[in-house]
Structures are given as C-alpha cells and as structure tokens.
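Comments concern the structure below.
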Amino acid sequence: KAGVTQTPRYLIKTRGQQVTLSCSPISGHRSVSWYQQTPGQGLQFLFEYFSETQRNKGNFPGRFSGRQFSNSRSEMNVSTLELGDSALYLCASSLDGGGEQYFGPGTRLTVT
Amino acid sequence: DQQVKQNSPSLSVQEGRISILNCDYTNSMFDYFLWYKKYPAEGPTFLISISSIKDKNEDGRFTVFLNKSAKHLSLHIVPSQPGDSAVYFCAASRRTIIQGAQKLVFGQGTRLTINP
C-alpha cells in the first residue's frame with residue numbers, strides 16, 4: 001500500500017504571495033490532518049478534514065485554509081505569505097481520525 | 001500553553017543500553033498517547049501508542065509506560081541501536097466515540113543519539 005504523498009517537496013515563495021500544497025492520503029484513509037513544523041514551535045496542528053468537511057481546527061490565522069476532495073486528497077492554501085510561514089508542512093492520514101496518523105514526507109516552504 | 005512537554009531536548013545513550021524518553025502533559029482529558037520517530041527530511045513515523053485504560057504497552061524493543069496520576073509517559077528502548085538515533089515526539093489526544101480523535105498535540109521532541 002502506498003504511503004502518504006505530498007507535493008511539492010520544496011517550494012520557495014516571496015512575501016505576499018500565496019501557495020497551495022497537496023496531500024494524497026493512504027488509500028482507504030478518510031481523515032487528513034495538516035501540521036506545521038518549525039524549529040522553535042515543534043509540530044503545530046493546523047486542521048483536520050474528514051469526508052470533505054473540516055472537523056478540527058488549530059490556532060492559526062485565516063490566511064491558512066484547506067479543503068478535501070471526494071477522493072480524500074487534500075490541499076492546503078496559505079495566502080499573503082509572511083517570513084514566519086517558512087516551515088515544514090506535514091500532512092497525515094488516518095482511517096477515521098482516531099488512532100495513529102501516518103505522515104507524509106512534508107513540503108519545505110521557504111518565504112523570502 | 002504547552003499541553004505536552006518533552007523537557008529534554010537531547011539525550012545521548014551508549015549502544016546496547018536502555019534509552020528512556022520522557023513526556024509530561026497537563027490536560028487530564030487526554031486519553032490516547034503516541035510516540036513518533038522522525039529522521040531528517042522525512043515525516044514522523046508512528047512507533048507505539050497507549051490508551052489511558054492501560055499503563056504499559058510493549059512492541060518489540062519499544063515499551064511505553066503511562067502514569068495517569070502524574071500525567072507522565074515514557075518510552076523505553078532496549079537495547080538501543082545506532083538506527084534509533086532520531087528525534088522522538090510524544091503526542092496526545094482526546095478521543096470521542098462520535099467524532100473520532102481530536103487533533104494530536106505534540107511535544108517539542110527529544111533528539112536521541114546512540115553512540116557506538
């Protein structure tokens with residue numbers, strides 16, 4: 001069974017731009033969660049989608065948004081990028097949101 | 001408000017010895033706990049989990065202990081091997097029957113180095 005895939009793996013953007021990251025979960029998994037990892041803050045929860053609905057949300061500004069498609073693939077969008085948005089963005093999938101989550105390799109976003 | 005804390009940013013252990021990684025939490029509503037291992041340039045890999053109805057769970061060289069009264073969990077790796085060198089994260093969540101698990105709350109991570 002293929003693991004969680006994320007595209008692109010690396011991205012460089014400038015301040016003020018917007019970016020879309022993509023995540024394909026493990027086949028059969030319906031829950032997709034997004035996390036931001038930075039050296040100072042560790043892994044911070046962004047949001048979770050289940051059956052195309054946002055079910056849980058972390059404490060991030062509205063510039064961070066996401067969606068999930070009928071095939072469970074998910075995208076995350078960050079608008080009006082700031083230097084502080086530079087981070088590793090990780091997506092994780094699970095069967096139903098409970099139990100263990102399986103992570104993708106992440107997208108390394110650099111904002112200049 | 002850091003609900004899950006790993007107070008040791010790094011730990012160095014001799015190969016073959018026991019590695020003990022610690023994690024404390026403040027939210028008494030957490031009822032499910034997990035450990036993840038992370039290598040550079042990769043996403044975290046699930047290692048082992050424990051439900052709050054248990055106080056110990058074993059999987060090969062990995063054992064997780066949960067002390068609910070102290071709000072403390074630990075991961076024991078024995079014997080430690082060079083391939084165990086990585087960053088280890090503990091995570092906690094509160095599971096509900098209707099909605100499934102809430103978000104995972106992660107600790108800051110502990111970098112484990114196994115010396116040959």
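Working from the Cα coordinates of chain B, the gyration tensor eigenvalues give, after taking √(5λ), semi-axes of 24, 14, 13 Å in decreasing order. Anisotropy class assigned to the range A:12-112 is prolate, per the alpha carbon gyration tensor with a/c at or over the 1.5 cut-off and a/b larger than b/c.
Here's how it looks for residue A:5: its modeled amide H is under 5 Å from those of A:24, which are all 5 or more places away or on a different chain. Dipole magnitude for the range A:17-110: computed about the Cα centre from +1 point charges on Lys and Arg Cβ and -1 point charges on Asp and Glu Cβ, it is near 100 debye.
This ranking places A:76, B:29 by how few other beta-carbon atoms lie within 10 Å of each, fewest first, which gives B:29, A:76. Name the shape class, rounded, prolate or oblate, that the alpha-carbon gyration tensor gives for the protein assembly as shown, where a ≥ b ≥ c are the square roots of its eigenvalues, rounded holds for a/c under 1.5, and otherwise prolate holds if a/b is larger than b/c and oblate otherwise. Prolate shape, in that a/c is at least 1.5 and a/b is the bigger ratio. Number of Lys-Lys pairs in chain B with C-alpha atoms under 15 Å apart and a separation of 8 or more places or on different chains: 6. Exposure proxy ranking for B:87, B:64, based on other Cβ atoms within 10 angstrom of each Cβ and starting from the fewest, stands as B:87, B:64.
The magnitude of the dipole of chain B, with charges of +1 and -1 set on the Cβ of Lys/Arg and Asp/Glu and taken from the Cα centre, is near 200 debye.
Residues whose amide H lies under 5 Å from that of residue A:56, counting only those 5 or more places away or on a different chain, are A:48; hydrogens are built 1.01 Å from N in the peptide plane.
When chain B is treated as a GNM with alpha-carbon contacts under 10 Å, the residue of B:31, B:55, B:84 showing the greatest mean-square fluctuation is B:55. When you filter the trypsin sites (Lys or Arg not before Pro) in the range A:24-67 for DSSP loop state and at most 14 other Cβ atoms inside 10 Å of their Cβ, you are left with A:63. Amide H contacts under 5 Å for residue A:86: A:111, restricted to partners 5 or more places along the chain or on a different chain, H placed in the peptide plane at 1.01 Å from N.
Throughout, read-outs are computed from the coordinates displayed, never taken from laboratory work. This structure is a prediction, so every number in the text was calculated from the model and none was measured. Here Cβ is always computed from backbone atoms with ideal geometry, including for glycine, and neighbour counts include all displayed protein chains.
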